[in-house]
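What follows is a single structure, written as structure tokens, with notes after it.
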Amino acid sequence: MSSLRFRLPALFLLGIVIAGIVAAAISVQLFQGYTRNQSYEELGREAVGIARLYGSAALRAAEEGTPAPDFAPQALELATGDQLYYVGAPAFPGQDSGLQVLPESAVPQEVLASERALQFEFRPPGQRRRFIAASQPVRLERDGPPIGAIVVAKPQDVVSDQWAPLVQRLGAAIAIGGLLAWLLGLWLSRRISKPVQALARASDEIASGNYAVQVPVGRGSSELTHLSERFNQMAARLAATEERERQFLMSVSHELRTPLTAIKGHVDALRDGLVDDPELIAASLDVVANEATRLERLVGDVLDLAKLRAHRFTVQTEEVDMGRLVEQAYGSFGDEARRREIHYALDGAEQAPTIITDGDRVLQVITNLLKNAFRWTPDGGTIGVALDASNGAIRVEVSDTGPGITREDAQRIFNPFVSHDTQGTGLGLPIARELAGALGGRIELDTEIGRGSRFRLVLPSLS
């Protein structure tokens, strides 16, 4: 009973039944009032006609001494289907009118006191049922005082019998409507619950670690179709994320193992006395120191990247002279440029503005871009650093005359540990892009095979 397939048609059926009962109750009440009013109007018309008939007969009897009318009240009751009564002073003194005479206490006092027709309920003497009735004053003359009143009545249950068939028909209609609602609810519940159950099963698969699951996408543009599409996209992204994490762990393990293996080999050789030449010992210690430095840099880069991706990286805000900062980054590679005879130039630092940002992190981004440029630019090549401020943004461009980057690699190089040489960790560009995003900026790349690349740091010029 907790299943969606049961609850949907049950709620649908319950709503239809409640609406049907409310509609039936209102209909019965309206029809009951209508039939009651119609009965009162019918009784009133009969009472007017019979009162006039008996009033004329009573007037002739008083003026001409004619006997009471010989038409039987029973015949009138048979013709109308109603009960005829008389209340008040005798219309034919000393004669029997044939009408059932009611005591004045059996009817409301207004019946005799009023000069107009009345509608009321009462219980005739000797009867267990209540009657609805209409009274009409009996006058000997048109404008004369009434001498009594004709009461035409019928049992209340006769009126009820008129709307009882309506109740039966409404009950049958509610039952048929409920059955149809149940069948329609079953059909709708299957249409709705089938994709929902598929999503539930797929969610269980994802919870168990299977991200390759997919749910069928229905036709049209319904909410369930949209949900299925988004679920498949979510599953694909989770699968991609898991694959990236796996590759990341494998790459970290490999990158950590390489310097550790070198360090362990040289340490074992020195400890076992396999190397006794002072020059070889010094060379081994240099290798150990270099690999330890590389290992330290790798661990620091991994921690920085992890903090950036977890949004746990704190960005400081300060006034930063972009000209001085770029000159600082530019100057740190001057010796390497002279040693390798690389044409190294800086442009635009004199007109650079001062902005509000994290100077250390901006310097780190530019330094990473320059490291990448010097790694791929051959000796005797050209590396340029240009600074430009326009259209509300600061642009620091690092260009080189390296081999260029293919279109496929243009996005891959920003993934961790993607590198085509053995000198770097493959984390410089990913960290630069993450840092640029944390600073509210971005990294742009223009490249051409055989002609080099241009990496561009774009930052908002907040001052």
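State all residues of segment 104-121 that are of a type in the set (D, E, K, R) and either modelled with pLDDT of 85 or more or in a strand (DSSP E or B) (or both); if no residue qualifies, say none. Explain how you work it out, then say what you get.
Taking segment 104-121 as the starting set, the residues that turn out to be of a type in the set (D, E, K, R) are 104, 110, 115-116, 121.
Correct list: Glu104, Glu110, Arg116, Glu121.
Going by the conditions given, is Gly323 open to solvent by less than 70 Å² (accessible area, probe 1.4 Å), closer than 15 Å to Ile394 by Cβ, at pLDDT 75 or above and of a type in the set (Gly, Ala, Ser)? Before you say what the answer is, go through the steps one by one.
Details: open to solvent by less than 70 Å² (accessible area, probe 1.4 Å): yes; closer than 15 Å to Ile394 by Cβ: yes; at pLDDT 75 or above: yes; of a type in the set (Gly, Ala, Ser): yes.
Spelling it out, Gly323 is indeed open to solvent by less than 70 Å² (accessible area, probe 1.4 Å), closer than 15 Å to Ile394 by Cβ, at pLDDT 75 or above and of a type in the set (Gly, Ala, Ser).
Being over 18 Å from Ala47 (Cα atoms) and among the charged types (D, E, K, R): is that true of Asp82 here? Don't jump to the end; show me each part of the working.
Values: over 18 Å from Ala47 (Cα atoms): no; among the charged types (D, E, K, R): yes.
Answer is no for this residue.
Confirm whether Ser56 is over 30 Å from Gln32 (Cα atoms) and part of a loop (DSSP other than H, G, I, E, B). Give the steps one after another, and end with the answer.
Working: over 30 Å from Gln32 (Cα atoms): yes; part of a loop (DSSP other than H, G, I, E, B): no.
No, not satisfied.
Does Leu59 fit the bill of being modelled with pLDDT under 75 and either in contact with a Gly (Cβ under 8 Å, 6 or more places away or on another chain) or over 30 Å from Leu180 (Cα atoms) (or both)? So that I can check it myself, show each step before the final result.
Details: modelled with pLDDT under 75: no; either in contact with a Gly (Cβ under 8 Å, 6 or more places away or on another chain) or over 30 Å from Leu180 (Cα atoms) (or both): yes.
So Leu59 fails the test.
Among the residues of segment 308-320, write down those that are at pLDDT 70 or above and not in a loop (DSSP other than H, G, I, E, B). Can you show your working first?
So the first thing to find is which residues in segment 308-320 are at pLDDT 70 or above, and the list is 314-320.
Answer for segment 308-320, where residues must be at pLDDT 70 or above and not in a loop (DSSP other than H, G, I, E, B): Glu318, Glu319, Val320.
Does Lys264 satisfy being among the charged types (D, E, K, R), surrounded by 13 or more Cβ atoms within 10 Å (Cβ to Cβ) and modelled with pLDDT of 80 or more?
Against the criterion (among the charged types (D, E, K, R), surrounded by 13 or more Cβ atoms within 10 Å (Cβ to Cβ) and modelled with pLDDT of 80 or more), Lys264 qualifies.
Considering only residues that are in contact (Cβ under 8 Å) with a residue 24 or more places away in the chain and assigned to a loop (DSSP other than H, G, I, E, B), which ones fall in segment 128-143? Show your work before the answer.
If we filter segment 128-143 for residues that are in contact (Cβ under 8 Å) with a residue 24 or more places away in the chain, which is where we start, we get 129-141.
Once the filter is applied, which keeps residues that are in contact (Cβ under 8 Å) with a residue 24 or more places away in the chain and assigned to a loop (DSSP other than H, G, I, E, B), segment 128-143 yields Arg129, Arg130, Leu140, Glu141.
Which of the numbered conditions does Arg139 fail, given that it passes all the others? Conditions: (1) out of contact with any Pro (no Cβ under 6 Å at 6 or more places or on another chain); (2) surrounded by 11 or more Cβ atoms within 10 Å (Cβ to Cβ).
(1)
Would you point out which residue out of Arg130, Arg116 is within 19 Å of Ser56 (Cα to Cα) and of a type outside the set (Asp, Glu)?
Arg116
Results for (1) open to solvent by 20 Å² or more (accessible area, probe 1.4 Å); (2) hydroxyl-bearing (Ser, Thr, Tyr), shown as yes or no for each residue.
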| residue | (1), (2) |
| --- | --- |
| Val17 | yes, no |
| Ala24 | no, no |
| Val28 | yes, no |
| Tyr34 | yes, yes |
| Gln38 | yes, no |
| Glu42 | yes, no |
| Glu46 | yes, no |
| Ala62 | yes, no |
| Pro67 | yes, no |
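Within segment 381-418, take every residue that is touching a Pro at 6+ places or on another chain (Cβ under 9 Å), over 27 Å from Arg324 (Cα atoms) and hydrophobic (A, V, I, L, M, F, W, C) and give me the one that is surrounded by the most Cβ atoms within 10 Å (Cβ to Cβ).
Restricting to residues being touching a Pro at 6+ places or on another chain (Cβ under 9 Å), over 27 Å from Arg324 (Cα atoms) and hydrophobic (A, V, I, L, M, F, W, C), the top hit is Ile413.
The values are calculated or read from the model by the stated rules, or taken from the named source; none is laboratory data. Note that the coordinates shown come from a computational prediction; the quantities given were computed from them, not determined experimentally. Heads up, the Cβs are rebuilt from the backbone with ideal geometry, glycines too, and the neighbour counts pull from every protein chain shown. Areas reflect the complete protein model, heavy atoms only, side chains present, ligands, DNA and RNA absent. Shrake-Rupley method; radii C 1.70, N 1.55, O 1.52, S 1.80 Å.
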